[in-house]
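Below: one structure, written as structure tokens.
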Amino acid sequence: MIKNQNEIIVRYAEAFRDLVNARVWAKDESPKTLLRLNSDNDWDFICVAMDVVGDASLAIAHFLRFALDGPTRYNDTGEKYLRLYGLLSAVYIQQEAVLKLYSLMNCPNPKDIKAEFNQLEIRTLRHQLASHSVDFVASRKEKPQAFVPVRMGLGGFSCTVTENRGDQSRTIKLDEAIIEHCKSVVSVIDRTYEKSIGTFFRGQDNKIEKFKKKLEDLRFERDGNIIIRTNDGEQSEIRVVFTITST
């Protein structure tokens, strides 16, 4: 089965955790030394960030399944607001956790990653609705604005937002915004994973080859393809490549 973008995040997060564990598990040296961290406290942040990425994916998966309306049979407006604010918090903390891992692994130009995330519709929506509803400032040169979701425009994957007292409104397709979020998060984890392989296992060619192969598999599935693994006496796999053709 082709995995959705949120499932790809989960696969990358699990793979990164395996990469970290392979380096620190049952070793005599400290995680700081083994992972080439700047301080002992960085290890705590790595562990928490990895947990946050996975936990947020669970919340996002639930939202993608049940949307704003939720799994109940009631048309409850309060639940829609809870689910909206919960979703926006989940994507935001996931982005921040991924950015933290990227920085801790000494990947280049973390400010560029922050700028990349700031361009996402779902992050802007989080700032406007779930953090700075009455004091949103797009830039230092602009005046504060107020934003609120339109109650009648909340349902399914649609969220209508109005600025100030109805100066202008726009409707966001939350499922589409989540897809763009997931693609961006996957891109950052991919770069973090690739950089970490060489950092963790410098001079250990067999280990490097093993985890580079894992990265190739992740990218293969990220691009919409499927790997079917079998175990009929010996480990083997079938790779299915999907292509888009026009008629």
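The values are calculated or read from the model by the stated rules, or taken from the named source; none is laboratory data. Since we're looking at a predicted model, the values are computed, not measured. All Cβ positions, even for glycine, are placed from backbone atoms using ideal geometry, and neighbour counts span all protein chains on display. Heavy atoms of the whole protein, side chains included, go into the accessibility calculation; ligands, DNA and RNA do not. Shrake-Rupley method; radii C 1.70, N 1.55, O 1.52, S 1.80 Å.
For segment 1-30, run through the trypsin sites (Lys or Arg not before Pro) and keep only the ones in DSSP coil with at most 12 other Cβ atoms within 10 Å of their Cβ.
Those that pass, being in a loop and sparsely packed, are 27.
Quick one: give the max-minus-min coordinate of the C-alpha atoms of segment 45-151 along each principal axis, largest first, in Å.
Principal-axis extents of segment 45-151 (Cα, largest first): 48, 37, 18 Å.
For segment 1-98, compute the orientation-averaged projected area of the C-alpha convex hull (one quarter of its surface), in nm².
Result: a mean projected hull area of 8.2 nm².
What does the helix-only formula give at 222 nm for the chain: each DSSP H stretch with n ≥ 4 adding -39500 (n - 2.57), the total divided by the residues, and the result rounded to the nearest 500 deg cm²/dmol?
My calculation for the chain gives -19500 deg cm²/dmol from helical runs alone.
Report, by chain and number, residues whose modeled amide H sits under 5 Å from the one on residue 150, excluding near sequence neighbours (fewer than 5 apart, same chain).
Counting only residues 5 or more places away or on other chains, the set is 160, 161, 162.
For the charge dipole of the chain, defined by +1 on Lys and Arg C-beta atoms and -1 on Asp and Glu C-beta atoms about the Cα centroid, which residue among 20, 127, 86 has the Cα displaced farthest towards the positive pole?
Going by the charge dipole, the pick is 127.
For segment 92-226, report the convex hull volume of the alpha-carbon atoms normalised per residue, in Å³, without decimals.
117
Counting only complete DSSP H runs, which helices of the chain cover 24 Å or more along their long axis at the Cα atoms and score a mean Kyte-Doolittle of 0.0 or above?
On the way: long enough: 5-24 (29 Å, -0.11); 41-66 (38 Å, 0.84); 77-104 (41 Å, 0.30); 174-200 (38 Å, 0.11); 205-222 (25 Å, -1.77).
Passing helices, by number: 41-66, 77-104, 174-200.
Between [x] 55, 40, 29; [y] 62, 49, 37; [z] 74, 39, 37, which entry matches Cα extents along the principal axes in Å as derived from the coordinates of this structure?
[y]
So with the 1.4 Å probe, I'd like the accessible area per residue for the chain, rounded to whole Å².
Working: 14320 Å² over 247 residues.
With all protein chains present, the chain gives 58 Å² per residue.
Given a 1.4 angstrom probe, I'd like the percentage of the accessible area of segment 87-143 that is carbon and sulfur, rounded to a whole number.
49
Can you spot the lysines whose alpha carbon is less than 20 Å from residue 213's alpha carbon? Ignore those fewer than 8 places along the same chain.
Filter leaves 3, 195.
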